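Visitor: Here it is: the structure, laid out below.
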Amino acid sequence: RVVTYNAHGCVGVDSKLSPARIARVLSRHRPNIVALQEIDVGRERSGGIDQASKIAELLRMNYHFFPVVEEGEEKYGLAVLSFFPIREVKTGWLPGLIDKPKLEPRGAQWLELDCGGEKIQLVNTHLGLRKLERRQQVRALLGEEWLGKLPDDEPVIICGDMNALPFSYVHTEISGRFPDVQILTREQRPRRTLYGRYPLGRIDHIFVSPHFEVRRVEVARTTLARVASDHLPVFTELKLPEPVSGSAS
């Protein structure tokens with residue numbers, strides 16, 4: 001059970017700061033894996049709280065935090081939470097625009113999760129706001145420095161706030177290799193994820209390699225989820241096929 005969620009620094013549309021509320025939204029889905037974006041650690045605006053650690057503690061999960069932005073002791077970035085053991089494969093920054101050096105840096109986490117003996121590759125990212133920026137970033141993610149060097153037999157999940165609508169360049173490039181779970185499911189029509197006070201667009205995505213069977217997808221629209229962040233969490237339940245046992249001797 002996988003969730004991707006832009007937590008907006010744990011500040012809701014009511015301007016209330018509450019990591020505990022984000023944890024409550026997540027706990028409803030009983031996730032095994034959570035990919036979070038816009039997480040504060042030690043920032044004055046968030047009361048110095050380590051939000052990654054706090055949410056992981058409340059959910060009793062392991063976690064891995066990657067600070068995409070660091071200013072002294074203040075950090076801001078991406079976090080993955082999981083009940084499964086986490087091994088870092090790669091963390092780093094994605095290319096920006098050379099002529100726009102003041103744009104917010106963007107990065108990604110590539111982690112390997114040991115799911116009961118099955119290794120799953122998980123990428124968590126938050127792409128830029130400008131179209132050209134996102135094009136360069138998705139090319140990098142799918143290129144030889146990142147997922148391009150991964151063998152085809154590796155199960156992969158890509159999560160994040162892509163700042164990109166369905167059928168955009170970014171969405172098309174990723175889904176050409178890793179299908180979008182909201183399109184794979186027949187349970188419901190794809191739902192928007194950028195909320196605020198009104199649903200505006202579908203920019204938060206979970207993409208999976210063909211190894212997975214998508215059993216269920218949900219975009220949380222509870223009262224709590226609609227106020228906890230300006231994004232809605234995307235949840236999916238996935239199944240890997242049983243490994244083929246060796247022939248009897």
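The values are calculated or read from the model by the stated rules, or taken from the named source; none is laboratory data. The shown structure was predicted, so the numbers you read here are calculated from the model rather than taken from an experiment. Remember, those area values only see protein heavy atoms, side chains included, never the ligands or the DNA or RNA. Shrake-Rupley method; radii C 1.70, N 1.55, O 1.52, S 1.80 Å.
Visitor: Whenever you get a sec, line up THR125, THR223 from highest to lowest accessible area (probe 1.4 Å, protein heavy atoms).
Guide: THR223, THR125
Visitor: Then there's this: Run the numbers for THR222 and GLU70: contour at 0.36 nm per residue of separation, minus the present Cα-Cα distance, in nm.
Guide: Length gained, THR222 through GLU70: 51.4 nm.
Visitor: Given LYS54/LYS102; LYS54/LYS149; LYS16/LYS54, which pairs have Cα atoms separated by over 26 Å? Please report the intermediate quantities before stating the final value.
Guide: Values: LYS54/LYS102 30 Å; LYS54/LYS149 34 Å; LYS16/LYS54 16 Å.
Correct reply: LYS54/LYS102; LYS54/LYS149.
Visitor: Another question, then. Is the shape of segment 91-222 best called rounded, prolate or oblate, per the rule: a/c under 1.5 gives rounded, else a/b larger than b/c gives prolate, else oblate, with a ≥ b ≥ c the square roots of the Cα gyration tensor eigenvalues?
Guide: On the way: a/c = 1.84, a/b = 1.08, b/c = 1.70.
Judged from the Cα gyration tensor, segment 91-222 comes out oblate (a/c at least 1.5, b/c at or above a/b).
Visitor: Quick one: of the DSSP bridges fully inside segment 112-249, what percent are antiparallel, nearest 5?
Guide: The answer is about 75 percent antiparallel.
Visitor: Keeping all protein chains in place, calculate the accessible area per residue for segment 98-193 (probe 1.4 angstrom), answer in Å². Show your work: numbers first, answer last.
Guide: Details: 4900 Å² over 96 residues.
Counting only protein heavy atoms, the per-residue value for segment 98-193 is 51 Å².
Visitor: Return the carbon/sulfur percentage of the accessible area of segment 126-179, one whole number, probe 1.4 Å, all protein chains in place.
Guide: In segment 126-179, the share of accessible area belonging to carbon and sulfur is 52 percent.
Visitor: Whole-Hz Karplus ³J(HN,Hα) for segment 133-150, in order, using 6.51 cos²θ - 1.76 cosθ + 1.60 and θ = phi - 60°, x for Gly and Pro?
Guide: 4, 5, 4, 5, 5, 6, 4, 5, 4, 8, x, 5, 6, 10, 6, x, 8, 7
Visitor: For the chain, rounded, prolate or oblate, judged on the Cα gyration tensor with a ≥ b ≥ c (square roots of eigenvalues), a/c < 1.5 rounded, else prolate if a/b > b/c? Write down the numbers at each step before the final one.
Guide: Working: a/c = 1.37, a/b = 1.24, b/c = 1.11.
It is rounded, given that a/c, with a ≥ b ≥ c, falls under 1.5.
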